[in-house]
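**Q** Below is the structure I would like to discuss, written out as structure tokens.
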Amino acid sequence: MKKRVLASGAFELIHSGHVKFLEEARKLGGENSELIVVVARDETIRRRKGREPILGEESRRYIVSMLKPVDKAILGHVPFSFSKVIEEVKPDLVVFGHDQEDLMKEFIDFVKRENLKIEIAKVGKFSSGDPCSTSEIIQKIFKMLKSAVEKT
């Protein structure tokens with residue numbers, strides 16, 4: 001029987017940190033694991049990040065679904081719901097990224113409260129010299145635009 005691994009994120013601007021996170025999540029499940037990725041809804045991004053999403057939820061879901069480590073990408077629920085996702089996916093393992101500490105704590109509380117038998121893992125931050133987060137990419141673009149404007 002395949003081990004079902006669940007990972008999640010906003011995946012606003014796909015970068016190497018996202019791909020490495022998904023590769024690691026898949027590896028943690030073992031050789032014959034299946035990786036299902038929950039892509040945050042636009043509403044969830046607005047609520048958690050306090051701004052509009054860069055790309056719409058369906059575009060982000062489609063892009064994530066095309067990544068090599070991913071078997072299936074689905075949209076989260078509105079309103080946000082751990083229980084609906086767990087009921088739908090039935091994961092054996094849920095993997096969190098380095099920047100999902102608050103979400104991981106909420107999920108651990110949910111698992112304890114519901115008395116569920118789900119493994120939980122966290123992967124570290126990856127560095128490559130290039131920006132490895134959407135906010136780092138946004139900052140780099142902003143600096144480049146600012147520099148270009150100052151030259152004119």
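Read-outs throughout are calculated quantities, based only on the coordinates presented, and are distinct from any laboratory measurement. A quick note: this is a predicted structure, and the numbers were derived from the prediction, not measured. All Cβ positions, glycine included, derive from the backbone under ideal geometry; neighbour counts span all protein chains shown.
**Q** Where does each of 98-106, 138-146 land if you order them by average Cβ count within 10 Å, highest first?
**A** Most protected by this proxy first, the peptides run 98-106, 138-146.
**Q** Quick check on the chain: helices-only [θ] at 222 nm, where DSSP H runs of length 4 and up contribute -39,500 (n - 2.57) each and the sum goes over total residues. Nearest 500, please.
**A** That comes out to -14500 deg cm²/dmol.
**Q** Arrange the peptides 44-53, 109-118, 59-68 so that the one whose residues have, on average, the most other Cβ atoms within 10 Å appears first.
**A** 59-68, 44-53, 109-118
**Q** Measure out, as a whole number of angstrom, how far apart the alpha-carbon centroids of the range 48-78 and the range 2-30 sit.
**A** What the calculation gives is 12 Å, centre to centre.
**Q** I would also like to ask the following. At 0.36 nm per residue, and after removing the present C-alpha to C-alpha distance, how many nm does the segment from residue 16 to residue 104 gain when stretched out fully?
**A** Working it through step by step, the gained length comes to 29.5 nm.
**Q** Relative to the Cα centre, what is the charge dipole magnitude of the chain, using +1 at the beta carbon of each Lys and Arg, -1 at the beta carbon of each Asp and Glu, and rounding to the nearest 20 debye?
**A** Once rounded to the nearest 20, the dipole reads 140 debye.
**Q** Starting from the Cα of residue 49, step 7 Å along the direction of its Cβ; do the same at residue 88; then give the gap between the two resulting points in nm.
**A** Placing both labels 7 Å along Cα→Cβ, they lie 1.9 nm apart.
**Q** Please report 39, 89 as a ranked list, fewest other C-beta atoms within 10 angstrom at the top and most at the bottom.
**A** 89, 39
**Q** Right, here's the next one. Relative contact order for the chain: what percent, with Cα pairs under 8 Å and sequence separation of 6 or more?
**A** 27 percent
**Q** If the limit is 30 Å between Cα atoms, which of 72/146; 49/90; 105/146 go over it?
**A** 72/146; 105/146
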